[in-house]
Each structure stands twice: as C-alpha cells, then as structure tokens.
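Have a look at the structure that comes next, please.
Since every read-out is calculated from the coordinates, none of them should be taken as a lab result. Since the model is a prediction, treat every value here as computed from it, not as a measurement. All Cβ positions, glycine included, derive from the backbone under ideal geometry; neighbour counts span all protein chains shown.
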Amino acid sequence: MRAIALLAPLALLAGCGLQPMYAGGGNGTVARGLAAVEVSPIEGQGGWLMRNALVDRLGAGGAQTPQYRLDVRLDDKLEGLGVLSNDTIGRERRTLRARYQLVELASGTILVDATAGSDAGIDVVSSEYATIAAEQTALENLSKEVAAQITTRIALALRAKT
C-alpha cells in the first residue's frame, strides 16, 4: 500500500505532458539550436558583460555555423534612493533592461522580439571605492541574471520551432 502511495504522484506527473527542455543533453535539438546563436556586439561595459554572459550560457563557441543572430540593446540605469538627513544618498538602485531579437539568418525572420530585465539595490557607504565596487558587482550580477532570462526565452522559442 505504501509503494502505491509513493508511485501514484509519478503516474499523475507522467500524464501531464511535461517534457524535458534539454532532452538529449548537449546533442539535443535545443542545445544545438542555442549553440548556433551568434551574439552581436553590444555597446558599453554593460554590453561587454552581457555579451560574455550570453555566449557562456548559449554555448556559442563558434563550433557550428551560426543559424541565428541575437541582437540586444541595453538600458542601464543607476538612480539614487533613500536620501539621508544630511542630503546624501544612502541607497542606489541599478536597473538593467534588455530589448532583444532572435533573427533566423537564412530567412531574416524575427523569431523572438522581447525584453528582459532585473534590478539590484546597493548600499552607499562612506568609502567611495566600496560603493563603486558594489555598483560594478551589481552590473555583473544583473548581466548574468538577464542573460539567463534571455537564454530561457530563446530555448523555449527554439523548442517550439521544432
């Protein structure tokens, strides 16, 4: 009776229609599609960080002939929040938004046209160096987070295409 109780949820899950996105591992359809995405250059330091994060996540090492091109435009904002009693800023908010398009190179068709974004809070401390380091770390982390969102959306589009 206990075994039946443990196996019942598995039987229900099998009937729900869920399928693994990365079936086949590195040789699967989605993984091969992601590796065939060429990331266009992106302006600025944030663009350099974003492009590197995307290339890492997509697995685009130049092993394949590109079938898709990913165009990304970034909007990076740093705004002061939390004004203290001495009229100095005590907290900052860094927001990174990306507008991106996945273009099929053979036909020029835009497969994905979407946005992704994230934000982070930064404490402003008395050390200017520490604040600048925190701002830079926030940009690095946000680039990785937004790259993950973009990669997931592209993987879904490539999976639906097949």
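Provide, in order from the shortest bin, the percent of all Cα-Cα pairs of the range 68-144 in each 10 Å bin, continuing until the bin that contains the maximum pair distance.
Pair shares across the bins are 18, 36, 22, 14, 8, 2.
Label Glu128 and Arg97 with points 7 Å out from Cα along Cα→Cβ: what is the distance between them in nm?
3.1 nm
List the GluC sites (Glu not before Pro) in the range 41-143 that DSSP assigns to loop (not H, G, I, E or B) and whose Cβ has at most 14 other Cβ atoms within 10 Å. Which are they?
Glu43
In sequence order, what are the phi-derived ³J(HN,Hα) couplings for the range 99-115 according to the Karplus relation 6.51 cos²θ - 1.76 cosθ + 1.60 with θ = phi - 60°, rounded to whole Hz, with x for glycine and proline?
After applying 6.51 cos²θ - 1.76 cosθ + 1.60, I find 9, 9, 9, 9, 10, 7, 5, 5, 10, x, 6, 8, 7, 9, 9, 8, 10 Hz.
Quick check: convex hull of the Cα atoms in the range 21-161, volume per residue, rounded to a whole Å³?
Expressed per residue, the convex hull around the Cα atoms of the range 21-161 is 111 Å³.
Please tell me the relative contact order of the range 29-162 in percent, rounded to the nearest whole number, where contacts are Cα pairs under 8 Å and at least six residues apart.
Relative contact order, the range 29-162: 25 percent.
A further question follows. Which whole-number percent gives the relative contact order of the range 100-159, counting Cα pairs below 8 Å spaced six or more residues apart? Before the final figure, lay out the partial values.
Working: 41 pairs, mean separation 17.7, N = 60.
It comes to 29 percent, rounded to a whole number.
Give me the extension gain from Ala148 to Thr88: residue separation times 0.36 nm, minus the current Cα-Cα distance, reported in nm with one decimal.
18.1 nm
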